[in-house]
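What follows draws every value from the coordinates through simple rules; no lab data is involved. What you see is a predicted model; the values in this text were computed from it and never measured. No Cβ is skipped: glycine too gets one built from the backbone with ideal geometry, and neighbour counts run over all protein chains shown.
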Amino acid sequence: MNLQYIPTTCPYCGAGCGFYLKVKDGELAGVAPSKTHPVSQGRLCVKGATAWESVIGADRIKEPLIKKNGKFTKAGWDETLDLVAEKFSKIKENYGPDSLGVWGSARCTNELNYLAQKLARAVFGTNNVDHCARTCHSPTVAGLVRSFGSGAMTNSIDEVKDAACIFAIGSNTPEAHPLIGWRVRTAKDKGAKLIVCDPRKIDTAKYADIHIQHYPGTDIALLNCLMNVIISEGLEDKQYIKTRTEGFEELKKVVAKYTPKYTAPIVGVDADLMVKAARLYAKTKPASTLYTLGITEHTVGTENVMSVANLAMLTGNVGVESGGVNPLRGQNNVQGACDMAALPNFYVGYQKVDNPAIQEKFEKAWAVKLSPKPGLTTTDQVIQAKEGKIKGLYIIGEDPLTSDPNITEVRESLEKLEFLVVHEIYMSPTAEMADVVLPGASFAEKTGSFTNSERRIQLINKAIEPIGNSRPDWQIVCDVATRMGYPFKYPGTAEVMDEIASLAPIYGGISHDRCRKVGLQWPCLDKNHPGTKYLHKGKFTRGLGKFHGIEHRPPAEVPDDEYPFILSTGRMRFHYNVGTMSRRTHLLDREFPFMFVEVSENDGQKLGIRDMDDCQVSTRRGQLKVKARVSDRVKEGVMWMPFHYVEAPANLLTNDAFCPIARTGEYKACAARLEKVS
Amino acid sequence: MPVTSKIEIKNASITKDSLSRLLKKICKERILIAPVRNDDLDDVNFLPVTNPAQICCDYDNTTTSPKEFFFPQYECMFTFSGTSHESIEAGDDSEEIVLFGLRACDVKAIELLDKFYERNFEDNYYLSKRQKSVIISVACPDLNDQCFCTATETGPLLQDGFDIQLLSSVNAYAVQIGSEKGLQLFEQYQYLFGPPLELDINKLLAQAKKQKAKFNLQKVYENLKQQNVDEDLWEDIGARCQSCGLCLFLCPTCSCYSVKDQKTPPGENRRSRQWDACYFSSITRMAGGNNPIRTNAEMIKRKYQHKLVQQIDEFGTSGCVGCGRCNLACVGNVNWLDNIIKIERAT
Amino acid sequence: MFNSKIFIPRAAIIENVQKLTYDTKLYRLKFKYNCKCDRSSESDYKPGQFVQVSVLGAGEAPISICSSPAQNGCFELCVRNVGLVTGALAALKKGDELGIRGPYGNSFPIEELRGQNLIFIAGGIGLAPLRSAIKYVIDNRGDYGKVTILYGARTKEDIVFASELDQWPRQENFGVFTTIDEPQDGWTGNVGVVTTLIDKIKNQSKVKAFVCGPPIMIHFTIKELLDAAWAQQDIITTLERHMKCGVGKCGHCYIGGKYVCTDGPVFTYAQINEMEVEV
């Protein structure tokens, strides 16, 4: 018997739990929790507890695939990589570097993302590099940089349990981030006050002191109203505002209009409840604000984020232990992919590409001429592909044909490409469209690091050999670069991290060896720096925290006679994003095997729809036949769907209207219709 | 064939040095499984060791339970090709193993599982592994703040049900041999053992029993059996439970499993079983959607009833052995021990 | 027992498939051959027992045996296509192979009731397990008294074993009453749920009543029987549960201190009450 416990980091959400993969005779055979891990502390959610099964589906892509005459044929690595290098080189030569784009991945390691953006910048010669944070937390980076100077979770996960007040808005914490949900539960059990603002009656709403069930897409109005009450009752932290912030007068002017009476009909919430919430929040400190995609996935996503930041600064809750503004990152390494600059406007560690001094630093380090022009986001790469300006894409570990809004449009764009390379562990609708599919090794088959939501860099360790002929993704990127004439030579991922540390000051003290036990939280400036538990202590990254006066704007699409419902989408506990891994996990898929739409009891009654009836949900972009789940979880006039089902993708319905600043789609609110199917 | 047969307890002793020699010998001849501390994270778990130096001696109990050596989290039941059942044979990956360092609670848990897998129909996947195993358990020095074997009468040292039990003394261990299998191992290495210590084991047992039990099991049993527990308790636990299954995966006596036909990446077809948990609603939901367990509260109550009433009725011992592993595994802060105490105090 | 190793299904051939309704088929099965390790007889089962049917690649599902043990060499299963395994079964045809484990579970106390009258009340496909007992009674007609069968289906298209329901009344002292939930064109029989037929047995409250069907049907039928003075121990039903093993190990069917697969699936209403199971 050969049983091993290999410590690693969970590949699902951004909480970044630690666990052991059980390896028996060379095969994955289970998961064991770790009592000593700082995030999970002996606990796991159901996805973590079953994560071993997610990557051993029989349909793993085992060989490189080249599409010939519309059909994939298995190919050797050399042949495939030669083809990839040749095609990308030719496109670069024919149409220029900016006709190419690279998509890094929030699912992959820091090392992969660093190499992917280096491939784009140093080899392709373009800043057209981005990743799936564009569909989730890009507004966080854009918004918090504007407000605080740094776009990350300000405090640590374990601090949440010691907060006196938790203000959770647009975050289904126990389902989307169960181990942070645990801290919310613990805080509440210890006597903290809990205010939940969410269009659905989620689990935390059931035990909250106050649940504000506002309409999707009315967060700014709600937040402005809370600030209106706080200011009009003199509950703001005047000293903090004076010494630590700027722009208060502008804010005050804008929120003056948002009296509870004025706001109530916009948000669909009783005026008194908002007054009660504002008082409770302002008087209970420290208050920790938690938010996720309910805030960011709107056309006003970035402004939503800045409004959240306004409220926290108004009450002096930023830069204090167990307080802060805490965007809970949705994917295992979305923080890291941003840090590694799989972003069109930054070099690694948020160093701007249009800053000549920074450009020079990277030109010297990489010994190559670099483009000073910020690149295109994934959103704009898709749009420009349709216009014929983007000719070749290298997509790593992403499935925009399931995850992007209005996927019918995305398909039309990708069809226009001259050359599409997709790098995946399982076939996906996007991979099906590719000219070349490169089989990557999963988290269990390689080494590297993930950075969790609280900026903690943690290692993954190789537990089993790569499945079939798949290879660790970072090695594949190295081979493509090398074949294109720029050798990427790294003995292992530890050396890639050493290069990252040498170039990104916030990662200055990071090395695999130092991260081996419990990780390190950036900023970690040098080899002796202990890492940083919470940000903005004493001083904001940008100096003074900045208030922004922001007016409410409704979603791009609002209900009308033809489409009378607001449709929102989201994640549930038993599944993860496009379902690639969770749908292949027996115990997870068994629990929720089919797509559904949540609808309120009153609406169900009006339409003659009972629980588990077949029904059709339509928007201007498409329709889906799904089961109805009739309950009191959503309010009248609102519907909600998960987005995990590739056979019934919610994003056939969602609106491809984008936040003008962060270019994130409005997944959380569009107009829809519901009909019974007999 | 029963997995173990009891004998009249025989006493001996072994010095700490001789114990190291014994373990070294066992390593060479069989598979030795013992507590090992992970290099990166600090958890201690039972793992195969090739050198006794790897064994961790400073531990309360392991993070996971040793049940996985007999009832693994994932196990191939048989392989097949095509659609014919004709040539299918049951897999058997049992090997000669010695488990060292188990605590009394885990030994009692395995004893309960033995009865469970032997009764009615014999589960050979479990039993063949058990038959080839010998357990050397080490009595606990003390209870920690989460475990409670004195209340469930499953420790910290055992009166019976062990193969070999060690009790720590100054420079040596008192050794008790309690089964045929234990005796065989003892006889094979008899030259390493010494005469019984002048240690009054009955006195130790009496002392152990005196350690304050954290609850009265009989009272808990009665309150559950007589439905004296307020439904609010089940409602509260049900609302807290996030259906992760972890407490049940960690439990040394939980034995639910699911079965699935699947293909491995290299293309082998398998029917396999894996740990399941009664805290998933889909464990009872039937094809067609009907679920006889209607609410989380019912689901939770079923588990408490199973461990603390029905298993006592069926096997004569508590289905909870007091190891405390599940207490700190819950993202909803459900603490099994606290809840048992609430049940005890229901009347 | 059909199998010497409890988790290894034994190969059986589908001798015949008969479509009973739009979603339900009747399979007649015969073991591929009597291997020496399996000395048991094919007829070694009792009415009320079930088998685990295995389709490789899809998995296993518990299915009641619906034939009479006296039917030598073969046994029959009635399967409605509702899930993964039953869906895979639906695709099989005559001559195809599947796997069988079992028979498992206890059985209807039919032996003990020799000389007595019997009542069978079935809803939908719930007639399948009762058919095993009914056919057993027919095979041993002289041993039993008056038999009354009440059968309800949702629509006339949902009626299983329609021809047998027509033939059984020809047996001596056999009463068969069939009903459908709502009026339908071309249906001249009783209309209403099966409980509306309980009038037909009103004065027989000392006769054991066997009740099988969907949960809601069982719930209301038992309620009506109790109202009509049946004693709890005279109402016999089966519990349907999700099962993986059939042998009391996997834990899926565990309820009220019992494993439905080994302690059941046949229980009296008195036992069910004691288990605190709601039906």
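Averaging 1/r over every pair of different alpha carbons in segment A:138-328 and inverting the result gives a Kirkwood radius of 16.0 Å.
If I build a Gaussian network model for chain B, linking alpha-carbon pairs within less than 10 angstrom, which residue out of B:GLN211, B:GLN242, B:GLN227 has the largest mean-square fluctuation? Its mean-square fluctuation being the largest, the pick is B:GLN227. Give, as a single signed number, the net charge of other residues whose beta carbon lies under 13 Å from the beta carbon of C:PRO214, with Lys and Arg counted +1 and Asp and Glu -1. Here the count lands on -1.
Near A:GLY397: Cβ cut-off under 11 Å, other residues only, Lys/Arg at +1 and Asp/Glu at -1. The net charge is -3. For the pairs A:LYS35/C:LYS258; B:LYS303/C:LYS46; B:LYS16/B:LYS115; A:LYS161/A:LYS201; A:LYS253/A:LYS283, flag any whose C-alpha to C-alpha distance is greater than 26 Å. Exceeds cut-off: A:LYS35/C:LYS258; B:LYS303/C:LYS46; B:LYS16/B:LYS115. For A:LYS68, the aspartates and glutamates whose Cα falls under 12 Å of its own Cα, not counting residues fewer than eight places away in the same chain, are A:ASP435.
Shown here are the Rg and Dmax of the Cα trace of the protein assembly as shown, at 33.1, 104 Å. Estimated from the Cβ-Cβ distance and a Förster radius of 51 angstrom, the FRET efficiency linking A:LYS369 and A:GLN239 is about 0.50.
Find the lysine pairs in segment B:172-292 meeting two conditions, Cα atoms under 29 Å apart and a separation of 8 or more places or different chains, and report how many there are. The result is 11.
Take each residue in B:288-301, count the other chain C-beta atoms within 10 Å of its C-beta, and the mean is 2. Summary of packing: across the peptides A:146-155, A:269-278, C:219-228, the per-residue average of other C-beta atoms within 10 Å ranks them, highest first, as A:146-155, A:269-278, C:219-228. Packing here is the average count of other Cβ atoms within 10 Å per residue, and on that basis the peptides B:88-99, A:133-144, highest first, run A:133-144, B:88-99. Can you tally the net charge around B:ALA208? Count Lys and Arg as +1, Asp and Glu as -1, for every other residue whose Cβ sits under 15 Å from the Cβ of B:ALA208. So the environment of B:ALA208 carries a net charge of +3.
Taking every alpha-carbon pair in segment C:111-238 and binning the separations at 10 Å intervals from zero gives 13, 48, 33, 5, 0 percent. Our helix-only sum for chain A, with -39,500 (n - 2.57) per DSSP H run of n ≥ 4 divided by its residues, gives a mean residue ellipticity at 222 nm of -8500 deg cm²/dmol.
Using the membrane-span-like helix rule (whole DSSP H runs, Cα extent along the own axis of at least 24 Å, mean Kyte-Doolittle hydropathy at least -1.0), which helices of chain A qualify? Passing helices, by number: A:77-95. Averaged over the residues of C:164-174, the number of partner chain Cβ atoms lying within 10 Å of the residue Cβ comes to 0.
Model label sites at B:ASP42 and A:GLN623, defined 7 Å from Cα along the beta-carbon direction, differ in position by 6.1 nm. A:LYS71: which lysines have alpha carbons under 17 Å from its alpha carbon, excluding same-chain residues fewer than 8 sequence positions away? Within the straight-line cut-off, A:LYS71 pairs with A:LYS62. Highest GNM mean-square fluctuation among B:ASP40, B:ASP123, B:ASP200, for chain B modelled with Cα contacts below 10 Å: B:ASP40.
Only helices enter the 222 nm calculation for chain C: every DSSP H run of n ≥ 4 contributes -39,500 (n - 2.57), and dividing by all residues gives -5000 deg cm²/dmol, rounded to 500. Modelled this way, with points 7 Å down the Cα-to-C-beta line, the labels at C:GLU164 and B:LYS16 are 7.4 nm from one another.
Computed on segment A:266-424, the Cα convex hull volume stands at 178 Å³ per residue.
Of A:LYS118/A:LYS369; C:LYS146/C:LYS206; B:LYS28/B:LYS108; A:LYS87/A:LYS489, which sit over 20 Å apart, Cα to Cα? Correct reply: B:LYS28/B:LYS108; A:LYS87/A:LYS489.
Pairs over the 24 Å Cα-Cα cut-off, from the set A:LYS285/A:LYS539; A:LYS546/A:LYS635; A:LYS252/A:LYS285: A:LYS546/A:LYS635. Its convex hull of Cα atoms gives segment A:486-637 a direction-averaged projected area, equal to a quarter of the hull surface, of 17.3 nm². Considering only Cα atoms, the convex hull volume of segment A:3-55 works out to 63 Å³ per residue. Per residue of C:251-261, other chain Cβ atoms within 10 Å of the residue Cβ number 5 on average.
Applying 1/(1 + (r/R0)^6) with R0 = 60 Å to the Cβ-Cβ distance of B:LYS115 and A:GLU647 gives a FRET efficiency near 0.85.
Summary value for chain A: 20 percent relative contact order, contacts being C-alpha pairs under 8 angstrom separated by 6+ residues.
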